[in-house]
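J.: Pasting a structure below so you can have a look.
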Amino acid sequence: MQDAGSLAIRQVAYFVPDIEAAARAHSEIFGSGPFFVLRHIPLAASEHRGVPHRFDHSSAYGQWGGVMIEFVEQHGDGPSAMHDLFPAGSGRFGLHHMAVFVEGLDAAIADFEARGHPLAQLSEVEGGTRFAFMDASATLGHMIELYEPGEALLGFYAMVRDAARDWDGTDVLRELQRS
């Protein structure tokens, strides 16, 4: 496995019924934000437990101290890593995953699987960034998201972090446009 420093938590993510309400509430309680909202995130491919499935979701991303926070809302009741922990129709929501950067996604997936954390979902956003949800629910109670820190991803993290610097607390939600 990679050294512990490279597996530092980069993001904490919650599965919620309403990303806007969750972002506003978190901002009010913790001063996090602003939050950038991306609706119906376009994926080039997605598979859950080895079977191709559509994963239609929206997210709100903000900064909470030194870590990014994400609120995820899934559209539809289809199989996903979200519904593995919070079954569709259950009315349950909460902490879903913590994200880490890895060097070599395929090797990291194999390493996590060898350590007893199976691959729950592998997806690729349009533009090429792949991400994997490793099921650590039996030991940690949540998923672990893995992705390689490519230029586009690092730029996105920097944009969210920089927006929080000297933020005055107004304009909590900001819509992102797909390019």
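Quick note: the coordinates plus some simple rules give every number you see, no bench work behind them. Here the structure is a predicted model, which means the values were calculated and not measured. Neighbour counts are summed over all protein chains in view; Cβ atoms, including those assigned to glycine, are modelled from backbone coordinates with ideal geometry.
J.: For the range 90-99, just list the computed ³J(HN,Hα) in residue order, Karplus coefficients 6.51, -1.76 and 1.60, θ = phi - 60°, integers in Hz, with x standing in for Gly and Pro.
T.: Karplus values, whole Hz, x for Gly and Pro: 7, x, 9, 8, x, 4, 10, 8, 10, 9.
J.: Kirkwood Rh, Cα Rg: Rg to Rh for the range 4-167? Before the final figure, lay out each step's value.
T.: Numbers: Rg = 15.0 Å, Rh = 16.1 Å.
That ratio is 0.94, to two decimals.
J.: Sticking with this one: Compute the helix-to-body angle for 105-114: its Cα long axis versus the longest principal axis of the chain, expressed 0 to 90° and rounded to tens.
T.: Long axis of 105-114 versus the principal axis of the chain: about 60 degrees.
J.: Taking just the alpha carbons, could you work out the radius of gyration and Dmax for the range 64-137, both in angstroms?
T.: 13.5, 36
J.: For H57, list long-range residues whose amide hydrogen, built 1.01 Å from N in the peptide plane, is under 5 Å from its own amide hydrogen.
T.: For H57, whose amide H was placed from the backbone, the distant partners under 5 Å are H40, I41, H75.
J.: So what are the range 1-89's ellipsoid semi-axes, whole angstrom, largest first, if each one is the square root of 5 times an eigenvalue of the alpha-carbon gyration tensor? List each step's numbers first, then the result.
T.: Values: eigenvalues 110, 74, 26 Å².
Those come to 23, 19, 11 Å.
J.: Let me ask something else about it. Add -39500 (n - 2.57) for each DSSP H run of 4 or more in the chain, then divide by its residues: what number comes out at 222 nm, to the nearest 500 deg cm²/dmol? Please list the in-between numbers first.
T.: Working: 4 runs with 41 residues, N = 179.
For the chain, the value works out to -7000 deg cm²/dmol.
J.: Follow-up. Only four residue types carry charge here, +1 at the Cβ of Lys and Arg and -1 at the Cβ of Asp and Glu. Report the dipole size of the chain about the Cα centre in Debye, rounded to the nearest 20. Please list the in-between numbers first.
T.: Details: 12 positive and 25 negative charges, 43 e Å.
About 200 debye.
J.: Now for a different question. Considering the chain as a Gaussian network with a 10 Å cut-off on Cα pairs, which listed residue, A13, A107, A60, attains the greatest mean-square fluctuation?
T.: A107
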